[in-house]
Amino acid sequence: MLVSAIFLVIGFVILIKGADLFVDGACSIARILKISDLVIGLTIVAFGTSAPELIVNIMASIQGSTNLAIANITGSNISNIFLVLGISAIIWPLTVEKGTVWKEIPFCLLAAIILAITGLDKIIDNRDHSVLSRIDGFVFLGFFILFMYYAFSISKTNEEQSDTKTLGITKSILFIILGIAGLTLGGKWIVDNAVNIARYLKISESFIGLTVVALGTSLPELVTSIVAARKKKADIAVGNVVGSNIFNIFFILGISSVIKPLAVDEGFYIDISVTLFATFLLFLSMFTGKKHTIDRFEGIIFVVLYVVFIVFRYNFQ
């Protein structure tokens, strides 16, 4: 148990550092190629902050830990909204642009709705069990392509490049290689040791995925949003979370279920309900209090709701 816990922590450290190196290297090459900052943010940085979830899910899918794979995504999306945005709003109220309110957040809600529909085979089709099939995975990836098309289309209105110093081609490629290696090794250690801990404590893999693994893989979003909030860059803080949540469902679950169909356990119905509620509440918060703003009081409510959810979910695993 102790050894597994130690290796789990080491896995998270390697995973997060790997994601950091990958983003630095990829952003540097993008700047060398004169790709705009907006495109970098909507693609490379969004992918980089979601890379931990991606690698953990691929490893979990390959090893057959499908409950952990699904719970990691729903858990990450819930913690991104309630915990990451909650803490960020407490640090500094988050005022976002109109486009984020009416386009990106609704798209994020659409992703949660589609995940709910595809995961309810047992209820909708009266089947013995529910599963995210390979067809569902291709549907997710289709919506992901639409999102990327949207991201690149809005980037045409802003073609500015950053003056940030690049690393050079050789160093950039080295960072990318080291980043991928760190992501792969860290992801494998996290999945292996999370499963070991779940078995030792006699708790479900889905609960471990929903809490420990989800929180660990959400660290890039947490750090990015907190730094953005401290610098009073609310759109980065909110956009980082919304973009990551869209990536998590459409891209990561899409890839994961194409690799291997993901069986859905009973806890999924609670988790996806809370995911839908959290996303809708995020949208609703844009119109309560100060318009298009998540204020400190709403941030406190988000954090409290996250704690309540974890306690409730622990008692219902």
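The values are calculated or read from the model by the stated rules, or taken from the named source; none is laboratory data. Quick caveat: nothing in here was measured; it's all calculated off a predicted structure. Reconstructed Cβ throughout: ideal geometry from the backbone, glycine too, with neighbour counts over all protein chains shown.
What the table below lists for this structure:
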read-out: Flag for Val9 being at pLDDT below 85 and more than 30 Å from Phe277 (Cα to Cα); value: no
read-out: Residues being of a type in the set (Asp, Glu) and surrounded by fewer than 17 Cβ atoms within 10 Å (Cβ to Cβ) - total across the range 256-272; value: 1
read-out: Residue among Lys260, Lys291 that is among the basic types (Lys, Arg) and either touching a Pro at 6+ places or on another chain (Cβ under 7 Å) or under 30 Å from Val139 (Cβ atoms) (or both); value: Lys260
read-out: Hey, Gly289 small (Gly, Ala, Ser) and at pLDDT below 90 or not; value: yes
read-out: Selected residue [closer than 13 Å to Leu85 by Cβ and surrounded by fewer than 19 Cβ atoms within 10 Å (Cβ to Cβ)] from Phe283, Phe287; value: Phe283
read-out: Enumeration of residues in the range 73-102 that are β-branched (Val, Ile, Thr), surrounded by fewer than 19 Cβ atoms within 10 Å (Cβ to Cβ) and not in a helix (DSSP H, G or I); value: Thr95
read-out: Qualifying residues in the range 103-135 (those that are among the small types (Gly, Ala, Ser) and buried (at least 19 other Cβ atoms within 10 Å of the Cβ)) - the one farthest from Ile249 (Cα to Cα); value: Ser130
read-out: Members of the range 136-147 found to be buried (at least 20 other Cβ atoms within 10 Å of the Cβ) and closer than 10 Å to Ile249 by Cα, listed by number; value: Gly137, Phe140, Phe144
read-out: Helices (runs of 4 or more DSSP H) fully within the range 203-293 counting 1 or more residues that are of a type in the set (D, E, K, R) and touching a residue at least 40 places away in the same chain (Cβ under 8 Å); value: 205-208, 219-230, 234-246, 267-285
read-out: Test for Glu298: is it more than 20 Å from the chain's Cα centre (by Cα) and either hydroxyl-bearing (Ser, Thr, Tyr) or over 18 Å from Ser130 (Cα atoms) (or both); value: yes
read-out: Ala69 in contact with a strand residue (DSSP E or B) (Cβ under 9 Å, 6 or more places away or on another chain) and closer than 22 Å to Ile255 by Cα; value: yes
